[in-house]
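*Asks:* Pasting a structure here, questions to come.
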Amino acid sequence: MVRRPAISDDPFRRDQGGADRSVQSRHYRDLTFHGVTRPVTLDASFNGAGVNPLDKSYTAGFNATTVINRSDFGVKTYVPLIGDETTLRISAAFVKTN
């Protein structure tokens with residue numbers, strides 16, 4: 001497995017979600033996959049925040065999704081036998097440190 005930085009610290013644009021109440025905000029970023037960088041729109045939602053009962057740390061949770069065509073990133077093997085459109089789902093928890 002090759003490790004590459006997934007998200008840089010470049011500034012990005014964000015706006016409020018649309019009519020779909022499950023989307024609370026949209027984040028516009030560049031995604032680098034297989035050495036190819038393309039702009040993507042992440043539909044993000046806040047899951048909640050509070051004290052984690054297991055380790056007593058304050059934790060906040062988020063989900064984000066986007067749809068890409070894998071061929072746009074140079075992954076063309078078996079297209080169209082295997083679908084080109086791929087949904088990326090990101091679930092993240094952020095823990096407050098002292």
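*Asks:* Regarding region 21-95, what whole-number volume in Å³ per residue does the convex hull of its Cα atoms give?
*Replies:* Considering the Cα atoms of region 21-95, their hull volume per residue is 127 Å³.
*Asks:* Non-local amide H neighbours of Gln24 (under 5 Å, H modeled in plane, Pro and chain starts lacking H): which ones?
*Replies:* The list, which skips near neighbours in sequence, is Ala44, Ser45, Phe46.
*Asks:* Label points 7 Å out from Cα along the Cβ direction at Tyr58 and Thr32: separation in nm?
*Replies:* Output for this residue pair reads 3.3 nm.
*Asks:* Pull up all non-local amide H partners of Asn52: gap of 5 or more, or a different chain, and H-to-H distance under 5 Å with H placed in the peptide plane.
*Replies:* Counting only residues 5 or more places away or on other chains, the set is Ser57, Tyr58, Thr59.
Where a number appears in this text, it was derived from the coordinates with a stated rule and is not lab data. Note that the structure is a prediction, hence the values are computed from the model and not measured. Backbone-built Cβ (ideal geometry, glycine too); neighbour counts: all protein chains shown.
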